[in-house]
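Visitor: My questions all concern the structure below.
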Amino acid sequence: MSASAQSRPLFEGALARRAVLDALLKLNPLHQLRNPVMFTVWVCSAFTTGLWIQALGGHGETRPGFILAIALWLWFTLLFANFAEAMAEGRGKAQADSLRRSKRDVRAKRLRGADRLGPFDAVDALDLRIGDLVLVEAGATIPGDGEVVEGVASVNESAITGESAPVIRESGGDRSAVTGGTLVLSDWLVIRVSSNPGDSFLDRMIAMVEGAKRQKTPNEIALDILLAGLTLVFLLATATLLPYSIFSVRAAGQGSPVTLTVLVSLLVCLIPTTIGGLLSAIGIAGMDRMIQANVIATSGRAVEAAGDVDVLLLDKTGTITLGNREAVAFLPADGVSVAALADAAQLSSLADETPEGRSIVVLAKTGHGLRERDIHALDAHFVPFTAQTRMSGVNLPGPGGMREIRKGAATAVEDYLHAAGGAFPEDLRRLVEQISMAGGTPLVVAERVVDGAGAAPSRALGVIQLKDIVKGGIKERFADLRGMGIKTVMITGDNPLTAAAIAAEAGVDDFLAQATPEAKLKLIREYQAGGRLVAMTGDGTNDAPALAQADVAVAMNSGTQAAKEAGNMVDLDSNPTKLIEIVEIGKQMLMTRGALTTFSIANDVAKYFAILPAAFATTYPALGVLNVMRLHSPESAILSAVIFNALVIVALIPLALRGVKYRPAGAAALLQRNLLVYGLGGLVVPFAGIKAIDWLLATLHLAA
Amino acid sequence: MNTAWLQALAYLGLLLILSAPLGTYIGRILEGERTILHPALAPVERALLRLMGVQGEEMEWKAYTGAILLFNLLGGLAVFALLKGQGHLPLNPGHMGGLPTDLAFNTAVSFTTNTNWQTYGGETTMSHLSQMLGLAVQNFLSAATAIAVLAALVRGFARRESKGLGNAWVDLVRSTLYILLPLSFIFALALVSQGVVQTFAGAVHTASGQGIALGPVASQVAIKMLGTNGGGFFNANAAHPFENPTPLSSFLQMLAILLIPAALCHAFGRMVRDRRQGWALLAAMTLLFVGALATTASAESRPNPQLAQIGVAQPAGNMEGKEVRFGVPGTALFATATTAASCGAVNSTHDSLSPLGGLVPLWLIQLGEVVFGGVGSGLYGMLLFALVGVFISGLMVGRTPEYLGKKIEAFEMKMVSIAILLPPAVVLVGTALGVLLPAALPSVSNPGPHGFTEVLYAFSSAANNNGSAFAGLNANTPFYNWTLAFAMLVGRYGTILPVLALAGSLARKKITPEGPGTLPTHTPLFVATLMGVVLLVGALTFLPSLALGPIAEQLSLR
């Protein structure tokens, strides 16, 4: 799904055709009532059409052809706005259709008891209720959201995530949540259903992408109020122009009062149709961009809140650092050569398949030229890590006897050394402390040789420095966030020393060390009490309280059901850095609204210069000085303004769907740039546009 | 032109210099801190509050609004009764009779709403008692009302998660006692030194029998200017030699008009703990003022082309309707200041300004009286525009808009829209009635676009509580007395109510700490944005009507 969504072009033939049809259907006045600006345009269009019919009957206020032209362009204004909305919706609908396909005709084996081998009923997925136990075997589709209570299986979740590599789902722990519509590839699962039909994750996702449940977001409502207010004042300004004009004609003793057609044209040109027509498209497109980023938000409100986030809480592991630590240096004890230490370290790790172990072998090879050796050829015996010894290592038969090499945490190795009659050298202790202070993890390497006569004293060889590897490019992203005014806080279970070192390296603003769920919750509450909006990601059940408390909470799709319920967004890619993109999408949505509002209002200046001299040309010819664009005739001037007003909506549809380009920068810099582009641009562009249309109309003899 | 620039420079310089310490002083008063006047006035304040039975407890916005409305209602009724019954009351040396109901109502509303629209001639209509106990008292109280409303709004910004907005009664008493009374006292003495009359005596009669009106003028003129009321003692207002005798008295009066509105910006900055915010608003006001002044002054310094055609030499510019002792510079500055602020006192006939020179005062009024504006009302009006500016530019930087840490959401936008849009709506509809209804049309005596401008000016002046007039219109008719009174009421309380509701909603909100993602509201960029919003809203609303009035007239002048 995601792959196809991301590559979908802005205007796809089939989508556009469907949108044209939808645009016509949306002419229904009941639909327009939702939007005061466009409803006004609807009334104006209908009214002008009436004037045209009256004019056909021979009682018109002016040429029927002119009234018809105005009426048609007013209807077009409405259609273009509808088209924008339909395009935005269409993109969501196409995705919803593909989601719906994975939902079709699923049969479920509902267990009568807790025993998976016991009797079951074959039922339709739609008949399942919360608490039902179902058995899903290889090749079957999971009938509903739920929690694995028994079994392990590989599951293909590509229907939801677009990621075709299968994932493991098993009972207990953080990988127990399964989503309806996904496919079990191997083995079997017993699942306790956790949602009723129509309320599942897939259902919510379909509703969301379709925009069926789309409610206006808080900022959208506030903007709506402002736009409605402006519409009202322009309505008054144009409606009162009729008596003013009648009075002026009498006072000046010449000309005729302004026609209703002209007044209606003026009204539609002045009210903020550009933003009014594109407002809902912007909102839908914002949700759509979220879906393309593979994030499902439970509401538009959450998307919008993302733009306001002041503080990001990020888990260290997996978000800021790669999941695993890596060996970065061999630090020998006094009297031991680096080469000897590297050799011993490599030998002890040859059979160690943990990521840390592999990284030691890699460091020995790249840093010290030690080729990887075949552990079987050496006849070595691998000693794996156990909770008792807390060490791993290798036993090598050699000419002097059996050589034991061990590596492990400092305390564990110290015990080992003492037990074998050795001592932990002081210089090594200092090294261990230094590494800890610098945010690394020390692994001490020790050896002893056991021959037939007994054990020789053991000795410590040195320390392997393991380090958390901060993800490439993450520091720059944090710098971007700081520029945007967002504070980053790293959450980690590490001790404060280690945490501070990693925080400094990653460039986060603050950190919470030795974090417990309570500490996280407390931190979020503290920030919120200070008036800040907090965003966080989480996947485990123990994250749920903090997720519920955070203003923007992104749960990983791989996480537990509890986490998903607590969050207001789900990241299908389970990528914790996604938060940064989410914030950007939220901001982009607001910026697009602000930019188009500014553009729309700034446009009015030029429209006044086009229409006012034309409207009063007969009463006060001196007002012709205001016709700075030197438009051809009063009729062509008014028609050009109306046509420009309609066409500018079409021209801005791509911007509304794609969103204003967002660059991380401080508020002042962003405002300056957008004011320049959309404010100043909004003042200048219509002068050129209206003049060009007027020239075309005059050249083609389309207006008197 | 050199003296004109010099005068303007001296004026603005002195205004800005004086406004800072006065603003600090007002800020201290509104925050209940001790000031230099407390030893003398605090006992009076305590006595007054005890007399009123006020404990000074915090009021929620509804209680605060209720107190303000009740206070204004009682004040208005008192003035109405006084005007109706002045014939039977003392201090009436001129034996003035009671006023007709429509005029009494209009005047009572006019002085209660700080408009001071006068459709009567002061010296031929009012007894001394009416002038002093009715009109002058309302001059103080209407100004104090607006200061109290402003104080509530500013507290809404400054407080976090709080319900109270302060105590309306305490604010009213303190504004009057510590701010308006002492300033008026000093200013009245300064005026008397310039020859403004101050006496309880009635008119004196010359040998030829002509009556020369006298009265307690200086005391009333002081508060008329300081409180941006504008209601003159005499019909000729500040053009009358007993009300404004010298160029210096004129300069002082102009200074008095803008002094408190400018100082309130500083008081605002102090109260929200960020003086830069006050400076930014003051800068926007000052820049708009300078632009307006330059336009009026240059328009008036040009001779009237129609008089030039018949060979009249006009070396001093367009002097029609102006006092020679003030000249074009002193008149242009006065006209700009009195309409920038919602004062409405005049030292010339605005009707006789050139079309462009008259357009500027008219448009300043139509902007909503926010370029300095009325005492208190100018700043709360400007803050409404700041919220619109913040809303649009906040969206443009991708955050829920916030001003001074308060998020601006749907409810705030609703109140802001109502407060900003009601006065223009009344202006537009009122003017339409004025040019349409047969009952209203006979009042228009001038032909052509000028007659239209007179009607537009009257409704603009009333709905924005300015009070000055384009004199050519006969407004003392039942139609105008009633409709303009309605316009004044809507313009005043249609703004005060949403502003107080806004204050209540803002006070309940958290304060978001400032960060790099916060849109700074003290920068030149924001000042420019704010000016842009004020001008654009004003232009978009009134361009069509202005085109049929002063613009058509100016362009027809050849």
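Visitor: So, restricting to helices (runs of 4 or more DSSP H) that lie completely within region B:75-181, which ones have at least 3 residues that are of a type outside the set (S, T, N, Q)? I'd like the intermediate steps shown before the answer.
Guide: Details: elements: B:101-112, B:122-125, B:137-158, B:168-174.
Counting at least 3 such residues, we get B:101-112, B:137-158, B:168-174.
Visitor: With B:Asn114, B:Asn167 as the choices, which residue is under 30 Å from B:Asp274 (Cβ atoms), modelled with pLDDT under 95 and either touching a Leu at 6+ places or on another chain (Cβ under 6 Å) or surrounded by 22 or more Cβ atoms within 10 Å (Cβ to Cβ) (or both)?
Guide: On inspection, the qualifying residue turns out to be B:Asn114.
Visitor: Looking at (1) closer than 18 Å to A:Ala340 by Cα; (2) buried (at least 23 other Cβ atoms within 10 Å of the Cβ), which is the only condition A:Ser458 fails?
Guide: Every listed condition holds for A:Ser458 apart from (2).
Visitor: Determine whether A:Val605 is surrounded by fewer than 24 Cβ atoms within 10 Å (Cβ to Cβ), on the phi < 0 side of the Ramachandran plot and assigned to a loop (DSSP other than H, G, I, E, B).
Guide: Working: surrounded by fewer than 24 Cβ atoms within 10 Å (Cβ to Cβ): yes; on the phi < 0 side of the Ramachandran plot: yes; assigned to a loop (DSSP other than H, G, I, E, B): no.
For A:Val605, the condition - surrounded by fewer than 24 Cβ atoms within 10 Å (Cβ to Cβ), on the phi < 0 side of the Ramachandran plot and assigned to a loop (DSSP other than H, G, I, E, B) - is not met.
Visitor: Further, regarding this structure: Please name all residue pairs, on different chains or six or more residues apart, with Cβ atoms under 7 Å, provided the first residue is in region B:438-450 and is more than 8 Å from chain A (Cβ to nearest Cβ) and the second residue is surrounded by 14 or more Cβ atoms within 10 Å (Cβ to Cβ) and part of a loop (DSSP other than H, G, I, E, B).
Guide: If the second residue must be surrounded by 14 or more Cβ atoms within 10 Å (Cβ to Cβ) and part of a loop (DSSP other than H, G, I, E, B), the pairs left are B:Ser443/B:Leu473; B:Ser443/B:Ala475; B:Ser443/B:Thr477; B:Val444/B:Leu473; B:Ser445/B:Gly472; B:Asn446/B:Gly472.
Visitor: Quick check: is even one residue across region B:481-492 crowded, with 21+ Cβ neighbours inside 10 Å, polar (S, T, N, Q) and within 9 Å of chain A (Cβ to nearest Cβ)?
Guide: No, every residue in region B:481-492 fails to be crowded, with 21+ Cβ neighbours inside 10 Å, polar (S, T, N, Q) and within 9 Å of chain A (Cβ to nearest Cβ).
Visitor: Please work out if A:Glu565 is within 14 Å of chain B (Cβ to nearest Cβ), of a type in the set (Asp, Glu) and surrounded by fewer than 23 Cβ atoms within 10 Å (Cβ to Cβ). If you could, list the steps in order and put the result at the bottom.
Guide: Details: within 14 Å of chain B (Cβ to nearest Cβ): no; of a type in the set (Asp, Glu): yes; surrounded by fewer than 23 Cβ atoms within 10 Å (Cβ to Cβ): yes.
Criteria not met by A:Glu565.
Visitor: While we're here: More than 10 Å from every other protein chain (Cβ to nearest Cβ), under 25 Å from the mean Cα position of the chain (by Cα) and surrounded by 22 or more Cβ atoms within 10 Å (Cβ to Cβ): which single residue out of A:Leu223, A:Leu278 fits that description?
Guide: Checking each option against the conditions leaves just A:Leu278.
Visitor: Considering each residue of region A:502-540, count those that are more than 14 Å from chain B (Cβ to nearest Cβ), of a type outside the set (D, E, K, R), part of a loop (DSSP other than H, G, I, E, B) and out of contact with any Phe, Trp or Tyr (no Cβ under 9 Å at 6 or more places or on another chain), and give that number.
Guide: 5
Visitor: Looking only at residues that are surrounded by 24 or more Cβ atoms within 10 Å (Cβ to Cβ) and either more than 10 Å from chain B (Cβ to nearest Cβ) or under 37 Å from the mean Cα position of the chain (by Cα) (or both) in region A:608-618, which one is nearest to A:Leu270 (Cα to Cα)?
Guide: Ranking the candidates gives A:Ala610 first.
Visitor: Still on this structure: Could you run through region B:409-431 and say how many residues are more than 15 Å from A:Leu230 (Cβ to Cβ), crowded, with 24+ Cβ neighbours inside 10 Å and within 8 Å of another protein chain (Cβ to nearest Cβ)?
Guide: Qualifying residue count, region B:409-431: 2.
Visitor: State all residues of region A:330-369 that are outside any helix (DSSP H, G or I) and buried (at least 16 other Cβ atoms within 10 Å of the Cβ); if no residue qualifies, say none.
Guide: A:Phe330, A:Leu331, A:Pro332, A:Ala333, A:Val336, A:Leu350, A:Ala351, A:Asp352
Visitor: Cβ-Cβ under 6 Å, sequence separation 6+ or interchain: first residue in region A:674-692 and within 14 Å of chain B (Cβ to nearest Cβ), partner small (Gly, Ala, Ser). Which pairs?
Guide: Sorted first by the residue in region A:674-692, then by its partner, the pairs are A:Asn674/A:Ala595; A:Tyr678/A:Ala595; A:Gly679/A:Ala602; A:Gly682/A:Ala602; A:Leu683/A:Ala602; A:Pro686/A:Ala606.
Visitor: When B:Tyr380 is evaluated against the numbered criteria (1) closer than 27 Å to B:Leu141 by Cβ; (2) assigned to a loop (DSSP other than H, G, I, E, B), which criterion, by number, is the only one it fails?
Guide: The number of the failed condition is (2).
Visitor: Which ones in region A:243-261 are surrounded by fewer than 24 Cβ atoms within 10 Å (Cβ to Cβ) and either modelled with pLDDT under 90 or more than 8 Å from chain B (Cβ to nearest Cβ) (or both)?
Guide: Residues satisfying the conditions are A:Val249, A:Arg250, A:Ala251, A:Ala252, A:Gly253, A:Gln254, A:Gly255, A:Ser256, A:Pro257, A:Thr259, A:Leu260.
Visitor: Give A:Leu657, A:Leu670, A:Leu631, A:Leu623 a once-over and let me know the one that is touching a residue at least 60 places away in the same chain (Cβ under 8 Å) and within 14 Å of chain B (Cβ to nearest Cβ).
Guide: Working: A:Leu657 fails: within 14 Å of chain B (Cβ to nearest Cβ); A:Leu631 fails: within 14 Å of chain B (Cβ to nearest Cβ); A:Leu623 fails: touching a residue at least 60 places away in the same chain (Cβ under 8 Å).
Just a single option satisfies the conditions, and that option is A:Leu670.
Visitor: Looking at the structure I just gave you, is B:Thr483 touching a residue at least 12 places away in the same chain (Cβ under 8 Å), polar (S, T, N, Q), within 30 Å of A:Ala610 (Cα to Cα) and out of contact with any strand residue (DSSP E or B) (no Cβ under 7 Å at 6 or more places or on another chain)?
Guide: Spelling it out, it is not the case that B:Thr483 is touching a residue at least 12 places away in the same chain (Cβ under 8 Å), polar (S, T, N, Q), within 30 Å of A:Ala610 (Cα to Cα) and out of contact with any strand residue (DSSP E or B) (no Cβ under 7 Å at 6 or more places or on another chain).
Visitor: Can you confirm whether region B:321-329 contains a residue that is part of a loop (DSSP other than H, G, I, E, B) and within 14 Å of another protein chain (Cβ to nearest Cβ)?
Guide: Looking through region B:321-329, none of the residues is part of a loop (DSSP other than H, G, I, E, B) and within 14 Å of another protein chain (Cβ to nearest Cβ).
Visitor: If you go through region A:624-642 one residue at a time, how many are in a helix (DSSP H, G or I) and touching a Ser or Thr at 6+ places or on another chain (Cβ under 9 Å)?
Guide: 6
Visitor: Quick one: B:Val397 ticks every box in (1) within 14 Å of another protein chain (Cβ to nearest Cβ); (2) surrounded by fewer than 24 Cβ atoms within 10 Å (Cβ to Cβ); (3) over 24 Å from B:Pro424 (Cα atoms) except a single one, so which number is it?
Guide: Of the numbered conditions (1) within 14 Å of another protein chain (Cβ to nearest Cβ); (2) surrounded by fewer than 24 Cβ atoms within 10 Å (Cβ to Cβ); (3) over 24 Å from B:Pro424 (Cα atoms), the odd one out for B:Val397 is (2).
Visitor: Please indicate, with yes or no, whether at least one residue in region A:387-394 is more than 30 Å from A:His418 (Cβ to Cβ) and either in contact with a strand residue (DSSP E or B) (Cβ under 7 Å, 6 or more places away or on another chain) or touching a residue at least 12 places away in the same chain (Cβ under 8 Å) (or both).
Guide: No, region A:387-394 has no match at all.
Visitor: In this structure, is A:Ala55 at pLDDT below 95 and of a type in the set (Gly, Ala, Ser)? Give the steps one after another, and end with the answer.
Guide: Details: at pLDDT below 95: yes; of a type in the set (Gly, Ala, Ser): yes.
For A:Ala55, the condition - at pLDDT below 95 and of a type in the set (Gly, Ala, Ser) - is met.
Visitor: Among the listed residues A:Gly408, A:Gly400, A:Gly421, which satisfies the condition of being surrounded by fewer than 20 Cβ atoms within 10 Å (Cβ to Cβ) and either touching a Phe, Trp or Tyr at 6+ places or on another chain (Cβ under 6 Å) or closer than 22 Å to A:Ala333 by Cα (or both)? So that I can check it myself, show each step before the final result.
Guide: Numbers: A:Gly408 fails: surrounded by fewer than 20 Cβ atoms within 10 Å (Cβ to Cβ); A:Gly400 fails: either touching a Phe, Trp or Tyr at 6+ places or on another chain (Cβ under 6 Å) or closer than 22 Å to A:Ala333 by Cα (or both).
The match here is A:Gly421.
Visitor: Among (1) more than 18 Å from B:Val435 (Cβ to Cβ); (2) within 14 Å of chain B (Cβ to nearest Cβ), where does A:Ile284 come up short?
Guide: Only one criterion in (1) more than 18 Å from B:Val435 (Cβ to Cβ); (2) within 14 Å of chain B (Cβ to nearest Cβ) is unmet by A:Ile284, namely (2).
Visitor: Does B:Thr228 meet the test of being crowded, with 19+ Cβ neighbours inside 10 Å and assigned to a loop (DSSP other than H, G, I, E, B)?
Guide: Working: crowded, with 19+ Cβ neighbours inside 10 Å: yes; assigned to a loop (DSSP other than H, G, I, E, B): yes.
Yes; evaluated as a whole, the condition is true for this residue.
Visitor: Moving on to the next point. Has region B:513-523 got at least one residue that is within 25 Å of the chain's Cα centre (by Cα) and among the acidic types (Asp, Glu)?
Guide: no
Visitor: Select, from B:Ala507, B:Ala552, the only residue that is at the interface with chain A (Cβ under 7 Å from one of its Cβ atoms), among the small types (Gly, Ala, Ser) and at negative phi.
Guide: One residue alone meets the criteria, B:Ala552.
Residue-wise test of (1) of a type in the set (A, V, I, L, M, F, W, C); (2) over 22 Å from A:Ile491 (Cβ atoms).
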{"residue": "A:Thr541", "(1), (2)": "no, no"}
{"residue": "A:Ala544", "(1), (2)": "yes, no"}
{"residue": "A:Ala550", "(1), (2)": "yes, no"}
{"residue": "A:Ala562", "(1), (2)": "yes, no"}
{"residue": "A:Met569", "(1), (2)": "yes, no"}
{"residue": "A:Ser600", "(1), (2)": "no, yes"}
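The values are calculated or read from the model by the stated rules, or taken from the named source; none is laboratory data. What you are looking at is a predicted structure, and each value in this text was computed from that prediction instead of being measured. Backbone-built Cβ (ideal geometry, glycine too); neighbour counts: all protein chains shown.
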